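Novice: If you scroll down you'll find the structure; I have some questions about it.
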Amino acid sequence: MTEAADRYQDYVNPLVERYASKDMRWLFSPQYKFQTWRRLWVALAEAEAEAGLDITPTQIAELRAHIEDINFEVAEAQEKKLRHDVMAHIHAYGEQCPSARGIIHLGATSAFVGDNTDLIQMRAGLHLVRTRLVNTMHALAQFAAQHRALVTMGYTHFQPAQLTTVGRRAVLWLQDLTFDLEDLEHNLDTLHFHGSKGATGTQASFLQLCNGDEEKVKYIDQRVAEIMGFARTLPVTGQTYPRKYDSRVVNVLAGIAQSAHKFSNDVRLLQSMGEIEEPFGANQVGSSTMAYKRNPMRSERMTALARHVICTSLNPALTAAEQWFERTLDDSANKRLSIPEAFLAVDAILILYREVARGLVVYPAIIARRVADYLPFLATENLMMEGVKAAGDRQTLHEKIRQHAMDTWHHMRVEGGTNDLLQRLHTDDTFASVREHIPDKPAPEAYIGRAVQQVDEFLAEVYHPIHERYQELLGITVETHV
């Protein structure tokens, strides 16, 4: 079997093969992970040297020279023997840096590289998700502005309710993403470094290395954080940072998934009704048998991936709840799956979301036809208010409208007739005092309330500041693979 054919004999994660971007895959790649471990070991050596420990510039230079050329084969052989991934990579790094071998990982425990790297990856992942998110929001905002005044049927319980506009519905989708952006920004602002805390978080090993000098211990802890780009370290930890961090971060991702799920479901329903559809390629195939079909495959994929993220968010929550005292190891295997997959899936979701949002196709004629079908029903609420003003009894008017409406439904759905509700009310003496208020052809724009103004206000007051804040990120996009 050839090497090319052999790659098809193993399971591959579709998040990697089909859906997520190269940028997000890189953040959770072995190369990124283990070169970050080495960057941390270099930072620790630098901080310890600055604190007065016997570590030379030559040793640090040797470590720095081999940050990226990781001897993976040596590390893999060592891990098979030692059954310990951190020790395996310490040995592998030491082979490349013989003069610095004795000071690698000095005073640290496994969580020093493992946990700090996790935090670095999650922070970088959140930055990338934010880029995807603001570009998606930009596409939605443009769509909302373009269709701010296009009257459409609004639904409650997925039943015709009152009129709204296509742009205002888009603003509802956009508002969900603003909530997600707020949560993401809060997590970035409060994501602290684990630092150099030792076996149970007491920094006992570092205190020993520094001959009891607490200020040096605190200096090392803060200095490593600064070198790695963090302003603060957690004040107290066990051996690991609190797994609540993982749960908080993945909850942000799950929130984005919830918003995307809502949007994609709405698009799927609208496409079924023929009002709006996602972009459909010139050569795209909707069905292997029904050649005429235009399936909303991007929105369906968004729904599927969103469901995966929402379910995955339970893993970090349960892991946080299950931690014993200063740490236990039942988090490790779970984190290797749940954290990267949540990021990879949300990356894929937002790539799809932007692609759909900027390519939505609107069919005004079909929207207008549906509005016309139901507009007489909607006009009755205003008519009832006029009847009350003319000294009518609200409950009596409501009952009369209800009876005529039910007869109209029967006429439309059973007899195949048109909506003649207003004509029925016009001939009913109950409404004699307000006949002049019964329109022959109601104007849809009279029944949308402040929908257009709400779109304008939201875009100006809520979205525009976001647009200005993140203008430098706009245009940083990728396309879907398939």
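Every number in this text was worked out from the coordinates using simple rules, so none of it is lab data. Because the structure is a prediction, the values reported are computed rather than measured. Positions of Cβ are backbone-derived with ideal geometry, glycine not excepted, and every protein chain shown enters the neighbour counts.
Novice: How long is the gain from Tyr32 to Asp420 if the chain were fully straight, where each residue apart is worth 0.36 nm and the alpha carbon distance is subtracted?
Specialist: Full extension from Tyr32 to Asp420 adds 132.9 nm.
Novice: Which whole-number percent gives the relative contact order of the range 366-447, counting Cα pairs below 8 Å spaced six or more residues apart?
Specialist: Averaging sequence separation for qualifying contacts and normalising by length gives 36 percent for the range 366-447.
Novice: Among Leu191, Ser110, Leu128, which residue has its Cα furthest toward the positive end of the charge dipole of the range 101-192, with +1 on Lys/Arg Cβ and -1 on Asp/Glu Cβ?
Specialist: Sorting the options by dipole projection puts first Leu128.
Novice: Could you tell me which of Leu63, Ala49, Trp37 has its Cα farthest along the dipole of the range 27-78 towards the positive end, charges placed at Cβ (Lys, Arg +1; Asp, Glu -1), taken about the Cα centre?
Specialist: In the range 27-78, that residue is Trp37.
Novice: Tell me the mean residue ellipticity at 222 nm calculated for the chain from its helices only (DSSP H runs of n ≥ 4, each -39500 (n - 2.57), averaged over every residue, nearest 500).
Specialist: -20000 deg cm²/dmol
Novice: Another question, if that's okay. Rounding to the nearest 20 debye, state how big the charge dipole of the range 366-447 is about its Cα centre with +1 on each Lys and Arg Cβ and -1 on each Asp and Glu Cβ.
Specialist: It works out to roughly 180 debye.
Novice: Counting just the Cα atoms, what span does the range 366-447 cover along each of its three principal axes? Round to the nearest Å and put the largest first.
Specialist: Here the spans come out as 39, 28, 18 Å, largest first.
Novice: At a 10 Å Cβ-Cβ cut-off, how would you order Lys262, Lys197, fewest neighbours first?
Specialist: Lys262, Lys197
Novice: Let me see the pair-distance distribution of the chain: every alpha carbon pair, 10 Å bin width, integer percents in order.
Specialist: Calculated over all Cα pairs of the chain, the distribution is 4, 16, 21, 19, 15, 11, 7, 5, 3, 1, 0 percent.
Novice: Here is a follow-up. Mind listing the long-range amide H neighbours of Phe193? Cut-off is under 5 Å, sequence gap 5 or more, other chains count too, H placed in the peptide plane at 1.01 Å from N.
Specialist: Result for Phe193 returns Arg232, Thr233, Leu234.
Novice: Among Trp26, Trp41, which comes first, second and so on when ranked by fewest other beta-carbon atoms within 10 Å?
Specialist: Trp26, Trp41
Novice: Any idea what the relative contact order of the chain is, in percent, if you count C-alpha pairs under 8 Å spaced at least 6 apart?
Specialist: Averaging sequence separation for qualifying contacts and normalising by length gives 20 percent for the chain.
Novice: Could I ask something else about it? If you add up the charges near Tyr219, with Lys and Arg at +1 and Asp and Glu at -1, over every other residue whose beta carbon is less than 11 angstrom from its beta carbon, what do you get?
Specialist: -4
Novice: Within 10 Å, count the other beta carbons around each residue, average over each peptide in 226-237, 175-186, and list them highest first.
Specialist: So the peptides 226-237, 175-186, ranked by packing, come out 175-186, 226-237.
Novice: Pop a pseudo-label 7 angstrom from the Cα along the beta-carbon direction at both Glu50 and Glu73 and give the gap in nm to one decimal.
Specialist: The answer from the label model is 3.8 nm.
Novice: Can you order the peptides 374-382, 126-134 by their average number of other Cβ atoms within 10 Å per residue, highest first?
Specialist: My ranking of the peptides, most packed first, is 126-134, 374-382.
Novice: Let me ask another. Assuming 0.36 nm per residue, please report the length gained on full extension of the stretch Glu322 to Glu461 beyond their Cα-Cα distance.
Specialist: Gain on stretching Glu322 to Glu461: 45.7 nm.
Novice: So between Lys81 and Thr202, what do we pick up on full extension, going 0.36 nm a residue minus the alpha carbon distance?
Specialist: Length difference between fully extended and current span is 40.5 nm.
Novice: So if I take the centroid of the Cα atoms in the range 237-272 and the same for the range 334-409, what is the distance between those two points in Å?
Specialist: Each part's Cα centre sits 25 Å from the other's.
Novice: Taking the beta-carbon count within 10 Å as an exposure proxy, list Glu355, Glu472, Glu95 from fewest neighbours to most.
Specialist: Glu472, Glu95, Glu355
Novice: Order the peptides 254-260, 190-196, 97-103, 242-248 from the highest to the lowest mean number of other Cβ atoms within 10 Å of their residues.
Specialist: Highest mean packing first, the order is 254-260, 190-196, 242-248, 97-103.
Novice: In the chain, if the dipole is taken from +1 on Lys/Arg beta carbons and -1 on Asp/Glu beta carbons about the Cα centre, which of Pro364, His411, Asn334 is farthest to the positive end?
Specialist: His411
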